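Worksheet for the structure shown next.
The values are calculated or read from the model by the stated rules, or taken from the named source; none is laboratory data. Note that the structure is predicted; figures quoted are calculated from it, not measured. Counting neighbours? That spans all protein chains shown, and the Cβs are built from the backbone with ideal geometry, glycine included. Side chains are part of the model used for accessible areas, which takes the heavy atoms of the whole protein and leaves out ligands, DNA and RNA. Shrake-Rupley method; radii C 1.70, N 1.55, O 1.52, S 1.80 Å.
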Amino acid sequence: MNKWEDNKAWFLVLPVFVIVAFSAIIPLMTVVNYSIQDIFGPGERVFVGLEWFKEVLGDPRLHEALMRQFLFSGLVLLIEIPLGIGIALLMPKKGWGASLSLVLMALPLLIPWNVIGTIWIVFTRPDIGLLGSFINGMGIPFDHTASPTQAWITLMLMEVWHWTPLVVLLAYAGLRAIPEAYFQAAKIDGASAWAVFKYIQLPKMRGVLTIALLLRFMDSFLIYAEPFVLTGGGPGNTTTFLSIYLVKIAVGQFDLGPAAAFSLIYFLIILLLSWLFYQVLQNAGKGDA
Amino acid sequence: MGLSLKNMQKKVDGEIHLTDINLDFESGSRNVILGRTLSGKTSLLRLMAGLDRPTKGQLFLDGKDITGMSVRKRSIAMVYQQFINYPSFTVYDNIASPLKVSRMDKKEIDRRVQEAAHMLHLEDMLDRLPSELSGGQQQRTAIARAIVRDAELLLLDEPLVNLDYKLREELQIELQEIFKKRESIVVYTTTEPAEALMLGGNIVVLDEGRVLQTGLTPNVYHHPATTKVAEVFSDPPINYISCNLKDSQIQLGGGVAFPLSGHLKTLSDAHYKLGVRSNHFYLKRKNDEDIRLTVEVELAEINGSETFIHADFNGERIVIQEVGIYSRKIGSEIEVYVNPSRFFVYSDTGQLVISPS
């Protein structure tokens, strides 16, 4: 091996390394730095070891927020993945119908997240909102700022409306990528529509569905803007998810140490769960040709 | 007894894909459909399978009209260009899948699967998934799936086109053996004349949606009825040299002339097109009767152990195929030889007048 050539290779990696360093590694190290010190002001800091971690891990409100978060993400995945596959299967395969449904599906994804929250505030207002006043008009009292159940239902509706299209688009792309010959072969074999779905479409979609599941899990686990705008974490703390609670600690109470420790734990949870999902789906997907 | 296509036509969006298709396939026969890309081979197979309905015409099986019968009720097996297997099934389950749908006895299924797997040398791979197989093995699995159910109609749509050269040869030989044992009507499409010749049986030459010629494969090869058939059934495509016959002398361009001999003796005075297959041109004189042509080299390519020289003879383009590796300079004039006994003679309108005996 020529050593000079090896050194040159490092230069090629350098730009990427610098970008990753500034965008990920340095901010992360800053958070680590904050999480093990008590900072009073510039130049006034005390090393506290793992104290913030202990405090955060023992915080009952964090436990509640975590449980809420799991429930929310679990429901999101259970509803959006099957619904998304279902819609993708029903969508037209070609012609103007295909283009139209793709545009319609993409619309919610193009709206800024905080605007989504605002849209749904207006949409669900009990007095003037299209949905809110309609439900009230039917004689069912509806006010998501007062009822935790209704707040959850509203949030879930918004979330499903906003993000199912992403699953649809991914599943649709996966379906379109299956060669026509598979369906002909199944037809000749006399396979039923259910068999075609189970043995051809689903296995062939496994790749894109893995991505859909990971994206939807991560995004829903990190959800902030929409519930912040729509419910602000209330009524009470009933829709205070992890990121909303984190911002309350960091910005509301200015407890940077515990917030940093919390951030790291949050990060590790997502990393661990994503890895777990990925492993499970990879192992299940060994038959994917 | 067999499958008959009567006056079939297929139009898609006003565009004619196939027209005037009248064909008969006998039970137990091996049939090759030869045609270039987009000639309508796959459309024809799809019509025969019942995957598409013809715009006009009818399809008969053993004298019974099955034009409108659903695919599920027919007894068909099909192999595709792409390697089509159920991705989550093992090789065993893939081969067994058409039988399971028909609710066959488990022991009988097992016997048939083992037999098909044995024929295609898949015995050691029955537990694997398609993604764990090579391309050749995947296609073997697909072929085993197709032959396992003993369908009345076995359709193969360029099954070997996505395999490498070695595997293709290997499977070509094996397929011939497998087809011999079938009672089904086997229909096999290909773009390659060599593959068609190897498979033998009957041939249908298809071009631009029309049947050009049918018959026994070697017969059609030796007596292509029109210039179009000769082009499709030669690789590289057959070469044409215009000529004029006068006073028992055939006159080519550039002052080349030779007297009538052999099968050419019966010709009467007229303009003709002489067809010569590329492998009948030689760079060296082989016989005393050989005619010498002076041509200008336009391109020389070496493919495997053969040399292809594209050259210009009085404004007509010819391709010389010579076994061995030769280098000829582009733009240089070279001499090539051809024996008159090799000439296919076509009329100016492209009909075969006489072929080499």
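Details
- For region A:120-128, the Karplus equation 6.51 cos²θ - 1.76 cosθ + 1.60, evaluated at θ = phi - 60°, returns couplings of 6, 4, 5, 4, 9, 4, x, 8, 10 Hz by residue, with Gly and Pro reported as x.
- Residues of region B:116-149 with amide N under 12 Å of the 7 Å Cα→Cβ point at B:VAL101: B:146, B:149
- When chain A is treated as a GNM with alpha-carbon contacts under 10 Å, the residue of A:TRP52, A:TRP275, A:TRP194 showing the greatest mean-square fluctuation is A:TRP194.
- Virtual paramagnetic centre 7 Å along Cα→Cβ of B:GLU316, amide N under 20 Å, in region B:211-239: B:222-239
- Contact order, relative form, for region B:1-145: 21 percent (alpha carbon pairs under 8 Å, 6 or more residues apart, mean separation divided by residue count).
- Environment charge of B:ARG74, counting only residues whose C-beta is closer than 11 Å and scoring Lys/Arg +1, Asp/Glu -1: +2
- B:ASP164 sits with roughly 90 Å² accessible to a 1.4 Å probe, with DNA, RNA and ligands left out of the calculation.
- Length available on full extension from A:GLN282 to A:LEU102: 0.36 nm per residue minus the Cα-Cα distance, which gives 61.9 nm.
- Sequence-distant contacts, meaning Cα pairs under 8 Å at least 6 residues apart, place the relative contact order of chain B at 16 percent.
- Magnitude of the charge dipole, the protein assembly as shown, Cβ model with Lys/Arg +1 and Asp/Glu -1, debye to 20: 1180
- Under 18 Å from the Cα of A:LYS204 - lysines, other chains or at least 8 residues apart: A:LYS93, A:LYS187, A:LYS286
- The H on the amide N of B:VAL204, modeled in the peptide plane, is under 5 Å from the matching H of B:VAL32, B:ILE33, B:LEU34, each at least 5 residues off or on a different chain.
- Peptide B:125-133, shielding by other chains (average Cβ, 10 Å cutoff): 2
- Value at 222 nm in deg cm²/dmol, rounded to 500, when DSSP H runs of n ≥ 4 in chain B each add -39,500 (n - 2.57): -7000 deg cm²/dmol
- The protection proxy used here, the mean number of other Cβ atoms lying within 10 Å of each residue, ranks peptides B:64-73, B:113-122 as follows, highest first: B:113-122, B:64-73.
- Relative contact order (%) - chain A, alpha-carbon pairs under 8 angstrom, separation at least six: 27
- Accessible-area rank, largest first, for B:VAL187, A:VAL31: A:VAL31, B:VAL187, with all protein chains present and a 1.4 angstrom probe.
- Inter-probe distance in nm under a simple model that places probes 7 Å from Cα toward Cβ, at A:ASN33 and B:ASN279: 7.7
- Neighbouring partner chain Cβ atoms per residue of A:198-206, average, 10 Å criterion: 3
- Length released on extending from B:LYS166 to B:VAL353, taking residue separation times 0.36 nm less the Cα-Cα span: 63.5 nm
- Phi to ³J(HN,Hα) by Karplus 6.51 cos²θ - 1.76 cosθ + 1.60 over region B:287-303, Hz, x for Gly, Pro: 9, 5, 6, 3, 9, 9, 10, 9, 10, 9, 6, 9, 6, 10, 10, 10, 10
- List of region A:174-190 residues, accessible area with partners at least 20 Å² below that of the chain alone (1.4 Å probe): A:PRO179, A:ALA181, A:TYR182, A:GLN184, A:ALA185, A:LYS187, A:ILE188, A:ASP189, A:GLY190
- Residue mean of other protein chain beta carbons inside 10 Å, B:146-159: 1
- Summed over the residues of region B:78-210 and divided among them, the accessible surface reaches 43 Å² per residue at a probe radius of 1.4 Å.
- Cα-Cα over 28 Å, subset of B:LYS107/B:LYS181; B:LYS64/B:LYS107; A:LYS198/B:LYS180; B:LYS73/B:LYS180: B:LYS64/B:LYS107; A:LYS198/B:LYS180
- Largest to smallest accessible area among B:PHE233, A:PHE197 [probe 1.4 Å]: A:PHE197, B:PHE233
- Within the assembled protein chains, the solvent-accessible surface assigned to A:ILE39 is about 60 Å², based on a 1.4 Å probe.
- Pairwise label distance in nanometres, A:LEU83 with B:MET1, each label 7 Å out on the Cα-Cβ vector: 5.8
- Within chain A, longest stretch clear of exposed trypsin sites (Lys or Arg not before Pro) (DSSP loop, no more than 15 other Cβ within 10 Å): A:95-285
- Largest to smallest in accessible area, the residues B:HIS222, A:HIS162, B:HIS263 fall in the order B:HIS222, B:HIS263, A:HIS162 (1.4 Å probe, all protein chains included).
- Backbone phi angles across region B:234-240, fed through the Karplus curve with coefficients 6.51, -1.76 and 1.60 (θ = phi - 60°), yield HN-Hα couplings of 9, 9, x, x, 4, 9, 10 Hz in residue order; Gly and Pro are listed as x.
- Given charges at Cβ of Lys, Arg, Asp, Glu: region B:78-139 dipole, positive-most of B:HIS121, B:SER97, B:ILE84: B:SER97
- Centre separation in Å (Cα based) which lies between region A:74-101 and region A:33-57: 48
- Estimated FRET transfer efficiency (A:ARG176, A:SER274; beta-carbon r; R0 30 Å; 0.05): 0.65
- Distance between modelled label sites at A:ILE140 and B:LYS286, nm, 7 Å Cα→Cβ extension: 8.9
- Estimated translational diffusion coefficient (Stokes-Einstein, Kirkwood radius over Cα pairs, 37 °C, 0.692 mPa s) of chain B: 144 µm² per second.
- In this view, the solvent-accessible surface of B:VAL12, computed with a 1.4 Å probe and all protein chains in place, comes to about 50 Å².
- Theoretical FRET efficiency, 1/(1+(r/R0)^6), r = Cβ-Cβ of A:PHE40 and A:VAL16, R0 30 Å, to 0.05: 0.20
- This model, with +1 at the C-beta of Lys and Arg and -1 at the C-beta of Asp and Glu, gives region B:2-226 a dipole about its Cα centre of some 720 debye.
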